[in-house]
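Input: a single structure, listed below in structure tokens.
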Amino acid sequence: MVNLDMLKDLSDIESTGKVNLFALKFSHRSKGDNFVVSLPSNQSSYFREQYCSFLRSFAGFECRRFDPVEKKDNTYEFMPLERISEIWKDIVSMIKGSVDFRNSQYRNLLPSVNLTLCELTYKGKTLWLGSQQRKTESLFKGKHPFFATENELKLLSLDKLIALSFNVDFIVDLEDPAMVYIFNRENFVKIFNFYDLLKEHVRAKSEVIKKWTFLNNPVYIQSQVETGYVFKGLARIIDDDKYLKLVETVNPSELKKRLMDKCPDLFSSKD
């Protein structure tokens, strides 16, 4: 079973880890509006504390392979980084071309960022921690933030206010084999437009369905791979060559018996 080793080293990371924080406006569709800013490091120790505080709650959780159909309680998930490699390359390319906060032409747009990435280095190892962000304007919608000084309240301007979340949605580990670990699947799916990627992955391998003799109309099932109940279900098995070989040998009567025996509350003989 794959596990994320850093969860055992959080005390060391909190005291000795090094972080570089990048704020991004990232969209799959309007790439021309994307930008990235390298944030100042004067709060590095605080950043480390916040990330480690969040991740400690997962230290005793089980790490399971990403299952698009269901998510078990008290788990976090993993998948090979190659599943999101094209989008990850775009993000890395943006970061490589970033400039720091002082010199960035985008510093005034920081309240509109929707993603932060933390480059975390410890013990010679580098990980990337990703957190989805809400625009400052939407976060404070209907509210007026004030800063309390000793003598007065000062109204803060939203176009100057950056609101950062340190809830980690995913972690990218580039060591061989490169993996992405998922702590918030809803945000992960949104950031990487993941279900569209999964549809493409299943569609590319869907010819295997034609070998399933227990289906009356395998071509029809193949034509439905873009529907949620089909591509998510197929994604659970489409990369398991050993399992797929077994599926090819299943006949209708055997399949019926297995369903009746294993899932009596879900299937009847009529089904």
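The values are calculated or read from the model by the stated rules, or taken from the named source; none is laboratory data. Worth saying up front: this structure is predicted, and the values here are computed from it rather than measured. Cβ sites come from the backbone with ideal geometry, for glycine too, and all protein chains shown count toward neighbours.
Which members of region 157-188 meet the condition of being small (G, A, S) and out of contact with any Asp or Glu (no Cβ under 8 Å at 6 or more places or on another chain)? Walk me through how you get there before you give the answer.
Taking region 157-188 and keeping what is small (G, A, S), we get 157, 163, 165, 178.
Hits for region 157-188 are S157, A163, S165.
What are the residue pairs meeting all of these: first residue in region 27-47, first residue of a type in the set (A, V, I, L, M), second residue exposed (fewer than 13 other Cβ atoms within 10 Å of the Cβ) and part of a loop (DSSP other than H, G, I, E, B), Cβ atoms under 8 Å, and 6 or more apart or on different chains?
Close Cβ pairs satisfying both conditions: V36/G97.
Every residue in region 96-149 that is surrounded by 13 or more Cβ atoms within 10 Å (Cβ to Cβ), closer than 20 Å to L7 by Cα and not β-branched (V, I, T), please.
L117, C118, E119, L120, Y122, K125, L127, W128, L129, G130, S131
Please name all residue pairs, on different chains or six or more residues apart, with Cβ atoms under 9 Å, provided the first residue is in region 236-250 and is without any contact (Cβ under 8 Å) to a residue 40 or more places away in the chain and surrounded by 11 or more Cβ atoms within 10 Å (Cβ to Cβ) and the second residue is in a helix (DSSP H, G or I) and polar (S, T, N, Q).
Close Cβ pairs satisfying both conditions: I238/S206.
S44: within 27 Å of N108 (Cβ to Cβ), surrounded by fewer than 19 Cβ atoms within 10 Å (Cβ to Cβ) and in contact with an Asp or Glu (Cβ under 6 Å, 6 or more places away or on another chain), yes or no? Show your work before the answer.
Details: within 27 Å of N108 (Cβ to Cβ): yes; surrounded by fewer than 19 Cβ atoms within 10 Å (Cβ to Cβ): yes; in contact with an Asp or Glu (Cβ under 6 Å, 6 or more places away or on another chain): no.
It is false that S44 is within 27 Å of N108 (Cβ to Cβ), surrounded by fewer than 19 Cβ atoms within 10 Å (Cβ to Cβ) and in contact with an Asp or Glu (Cβ under 6 Å, 6 or more places away or on another chain).
Hey, among F166, F188, which residue is assigned to a helix (DSSP H, G or I) and among the aromatic types (F, W, Y)?
F188
Out of all the residues in region 130-163, which are part of a loop (DSSP other than H, G, I, E, B) and of a type in the set (D, E)?
Those that are part of a loop (DSSP other than H, G, I, E, B) and of a type in the set (D, E): E150, E152.
For region 95-111, does any single residue satisfy the condition of being at pLDDT 90 or above, under 30 Å from I238 (Cα atoms) and not charged (D, E, K, R)?
No, that holds for no residue.
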